[in-house]
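The structure appears below as structure tokens.
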Amino acid sequence: NMELDKLEDIFLKRESFMQLIKNKFPETYPNWPVDLSDKKSQITCRETALKGVEEMFEALGHLKNWKPHRQTDMPEIDREEFLEEIVDAFNYFFSLIILIGVDVNEFYDAYNKKDKIIRSRIKEGY
């Protein structure tokens, strides 16, 4: 029994969760992969992405010590809650990726392609 690749495991868990949600609340997600040229599909993708952005804002809400004008230091942060909000955001972003029909290999390839570009920008001056 070979252990699943961690990224692959995340993709499988997210897609099976999306399926559970869709079975219980059919209007939540359309059938995927969606047709990205379709208006309804674009609305769904936009809403899913914005939910991820919302979760990132919730995560940032845990950071209280960044304001330059604040007189009193507030260094206390619940790291676990902060991370949980970031995971929530990633879940929506993974849902978006799955909705458009991108699998773990295509995502990994796109990630590496972009990584190469940003590294060469640093080396060659942007």
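Asp88 fulfils the conditions (1) in contact with a Lys or Arg (Cβ under 9 Å, 6 or more places away or on another chain); (2) modelled with pLDDT under 95; (3) among the charged types (D, E, K, R) except for a single criterion, (2). Taking the criterion of being surrounded by fewer than 17 Cβ atoms within 10 Å (Cβ to Cβ), in a helix (DSSP H, G or I) and charged (D, E, K, R), the residues of the stretch 74-87 that qualify are Arg79, Glu80, Glu81, Glu84. Restricting Thr44, Thr48 to residues that are more than 14 Å from the chain's Cα centre (by Cα), open to solvent by less than 100 Å² (accessible area, probe 1.4 Å) and among the hydroxyl-bearing types (Ser, Thr, Tyr) narrows the list to Thr44.
Among the listed residues Tyr108, Tyr126, identify the single one that is assigned to a helix (DSSP H, G or I) and aromatic (Phe, Trp, Tyr).
Values: Tyr126 fails: assigned to a helix (DSSP H, G or I).
Of Tyr108, Tyr126, the one residue that is assigned to a helix (DSSP H, G or I) and aromatic (Phe, Trp, Tyr) is Tyr108.
Among all residues of the stretch 78-91, there is at least one that is over 29 Å from Leu4 (Cα atoms) and over 12 Å from the mean Cα position of the chain (by Cα).
When residues in the stretch 53-73 are screened for being open to solvent by less than 60 Å² (accessible area, probe 1.4 Å) and either assigned to a loop (DSSP other than H, G, I, E, B) or farther than 23 Å from Arg14 by Cα (or both), 2 of them pass. Suppose we keep only residues that are closer than 16 Å to Asp5 by Cβ, of a type outside the set (Val, Ile, Thr) and under 16 Å from the mean Cα position of the chain (by Cα) within the stretch 92-118. Which one would you say is surrounded by the most Cβ atoms within 10 Å (Cβ to Cβ)? Going through the qualifying residues, I end up with Phe94.
Select from the stretch 10-26 the residues that are charged (D, E, K, R) and open to solvent by 70 Å² or more (accessible area, probe 1.4 Å) and list them in ascending order. Residues satisfying the conditions are Lys13, Glu15, Lys24.
For the stretch 34-52, what are the residues that are part of a helix (DSSP H, G or I) and not hydroxyl-bearing (Ser, Thr, Tyr)? Steps first, answer last, please.
Taking the stretch 34-52 as the starting set, the residues that turn out to be part of a helix (DSSP H, G or I) are 39-52.
Once the filter is applied, which keeps residues that are part of a helix (DSSP H, G or I) and not hydroxyl-bearing (Ser, Thr, Tyr), the stretch 34-52 yields Lys39, Lys40, Gln42, Ile43, Cys45, Arg46, Glu47, Ala49, Leu50, Lys51, Gly52.
The values are calculated or read from the model by the stated rules, or taken from the named source; none is laboratory data. Here the structure is a predicted model, which means the values were calculated and not measured. Positions of Cβ are generated from backbone atoms using ideal geometry, with glycine treated the same way; all protein chains shown enter the neighbour counts. Heavy atoms of the whole protein, side chains included, go into the accessibility calculation; ligands, DNA and RNA do not. Shrake-Rupley method; radii C 1.70, N 1.55, O 1.52, S 1.80 Å.
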